[in-house]
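Structure first, then comments.
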Amino acid sequence: MRWTGCQRRGRPVDETGESVEISRTLRVDMFRPDLEAPTITGVSLDALWDRGLRGIIVDLDNTVCGYHSETLIPGVREWIVAAKARGFRVALLSNNFPERVAAIGARLDVPAVPNALKPLPGGFFIALRHLQTRRSETVVIGDQLFTDVLGAKLLGLQAVLTQPIVATDFPLTRVLRLMERVFFARAPRP
Ligand SMILES: [Mg+2]
């Protein structure tokens, strides 16, 4: 399967001004997270730091709060405070609408990028500009294989897959989760 259409509007550059490379080919390993965790609060900041990571891009729906919910999962605010105190830079990246994403970004005191169209690269580049971290030192944490993990891997970022915190999803997301189950049933896990 060929990846097309992500470099048509000029060549994006990273924080160093270098032209970035976007994978033009989908590979099976792009659907493999580097780490899996039950929730974001179960992700060890020390483990991320020890892997050389300094920037964290966090998904919103079903990662820090439920879809249609304004209630943050217990401990997520403290986890982000601790991450920033540790020296990480943190940003939210969501396919959801600006009002919701900005409101939760403000509550978590982190920059928030809405309408991201993950797994397409545009939103990830905006998040990277907020973070000012290199792609090699940036990790994406989210609950979806086909948006968070694939989007990360297309840009060479690391990825942590969390379990969705509630069963309710956007209708398109339900389709993607069905595809995830089929994919995991057929693809050998590392
Ligand atoms: Mg999500």
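What are the pairs, 6+ residues apart or on separate chains, where a residue within the stretch 142-163 that is over 18 Å from ARG24 (Cβ atoms) and within 13 Å of the ligand (Cβ to nearest atom) has its Cβ under 6 Å from a residue that is part of a helix (DSSP H, G or I) and not hydrophobic (A, V, I, L, M, F, W, C)?
GLY142/ASP148; LEU145/GLU180
Any idea which of (1) β-branched (Val, Ile, Thr); (2) within 22 Å of PRO33 (Cα to Cα); (3) surrounded by fewer than 17 Cβ atoms within 10 Å (Cβ to Cβ) is the one THR173 doesn't satisfy?
With (1) β-branched (Val, Ile, Thr); (2) within 22 Å of PRO33 (Cα to Cα); (3) surrounded by fewer than 17 Cβ atoms within 10 Å (Cβ to Cβ) applied to THR173, the lone miss is (3).
Which pairs turn up if I take residues in the stretch 90-108 that are over 24 Å from ARG54 (Cβ atoms) and small (Gly, Ala, Ser) and look for partners that are within 15 Å of the ligand (Cβ to nearest atom) and modelled with pLDDT under 95 with beta carbon separation below 7 Å, at least 6 apart in sequence or on another chain?
none
Being among the polar types (S, T, N, Q) and within 12 Å of the ligand (Cβ to nearest atom) is the requirement here; does ASN95 meet it?
Working: among the polar types (S, T, N, Q): yes; within 12 Å of the ligand (Cβ to nearest atom): yes.
Judged against the criteria, ASN95 is a match.
For ASP34, all conditions in the list (1) of a type in the set (D, E, K, R); (2) in contact (Cβ under 8 Å) with a residue 24 or more places away in the chain; (3) away from the ligand (no atom under 16 Å from the Cβ); (4) surrounded by fewer than 15 Cβ atoms within 10 Å (Cβ to Cβ) hold save one; what is the number of the exception?
So the condition that ASP34 fails would be (4).
Checking the structure you have, find out if any residue of the stretch 172-188 is at pLDDT 95 or above and more than 11 Å from the ligand (Cβ to nearest atom).
No: the stretch 172-188 contains no residue that is at pLDDT 95 or above and more than 11 Å from the ligand (Cβ to nearest atom).
Taking the stated definitions as given, is ASP148 buried (at least 24 other Cβ atoms within 10 Å of the Cβ) and among the acidic types (Asp, Glu)?
Yes, satisfied.
Could you check how many residues of the stretch 63-79 are within 16 Å of the ligand (Cβ to nearest atom) and either surrounded by fewer than 24 Cβ atoms within 10 Å (Cβ to Cβ) or among the hydrophobic types (A, V, I, L, M, F, W, C) (or both)? Give the derivation first.
Pass one, the stretch 63-79, residues within 16 Å of the ligand (Cβ to nearest atom): 63-73, 76.
Subsequent filtering for residues that are either surrounded by fewer than 24 Cβ atoms within 10 Å (Cβ to Cβ) or among the hydrophobic types (A, V, I, L, M, F, W, C) (or both) retains 64-73, 76.
Qualifying residue count, the stretch 63-79: 11.
Taking helices (runs of 4 or more DSSP H) that fall entirely within the stretch 42-157, which contain at least 1 residues that are farther than 29 Å from ARG181 by Cα? First the steps, then the outcome.
Working: elements: 45-50, 76-86, 98-108, 121-131, 150-154.
Of the helices (runs of 4 or more DSSP H) lying wholly inside the stretch 42-157, those with at least 1 residues that are farther than 29 Å from ARG181 by Cα span 45-50, 76-86, 98-108, 121-131.
Name, by its number, the condition in (1) β-branched (Val, Ile, Thr); (2) farther than 21 Å from SER44 by Cα; (3) away from the ligand (no atom under 14 Å from the Cβ) that does not hold for ILE104.
(3)
The values are calculated or read from the model by the stated rules, or taken from the named source; none is laboratory data. Bear in mind the structure is a predicted one, so any value in this text is a computation, not a measurement. Note that we place each Cβ from the backbone using ideal geometry, even for glycine, and neighbour counts take in every protein chain shown.
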